[in-house]
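Working notes, structure below.
Bear in mind these aren't lab numbers, they're just calculated from the coordinates by the rules spelled out. Predicted model, so just to flag it, every value in this text is computed and none were measured. Backbone-built Cβ (ideal geometry, glycine too); neighbour counts: all protein chains shown.
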Amino acid sequence: MSAENEPAADPGQFLREVANADEGWSERYGGPEGIARWTLNLQDALKEQASDLAAVRTAAIREMLTTRSLADIAQALGVSKQAVSKAANSPTWTDPRW
């Protein structure tokens, strides 16, 4: 398969392709079944990435709490103090190095 016929690896690129789809666009993915499989795998990968990003965010918030107040952090991030508190008590990145 040539590079131009490779399925979109980037979710944004894939969604742009879907938005501008012409008849037969899904064939390079294996048709509707291929699309279903590909999007399922993509969603699983994005879910894992989102979880990893949340853990890094938690570590960053915990680090900020060592020198700043919860209210100050909430204001800086544009969220409520409750949101900062909830995030600070979530699973965190296990090896934060700043």
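I'd like the GluC sites (Glu not before Pro) in the range 1-95 restricted to DSSP loop residues with at most 14 other Cβ atoms within 10 Å, sorted by number.
Glu23
What is the range 29-92's relative contact order, in percent, from Cα pairs under 8 angstrom and six or more apart in sequence?
34
Quick check for me: using +1 on Lys/Arg Cβ and -1 on Asp/Glu Cβ, what's the dipole size of the chain about its Cα centre, in debye to the nearest 20?
Its charge dipole is roughly 860 debye.
Springs between alpha-carbon pairs under 10 angstrom, Gaussian network model over the chain: which of Leu77, Leu46, Leu65 fluctuates most?
Sorting by GNM fluctuation, first place goes to Leu77.
For the chain, modelled as a GNM with alpha-carbon contacts under 10 angstrom, which of Ser85, Ser51, Ser69 fluctuates the most?
Comparing Ser85, Ser51, Ser69 in a Gaussian network model of the chain, the most mobile one is Ser69.
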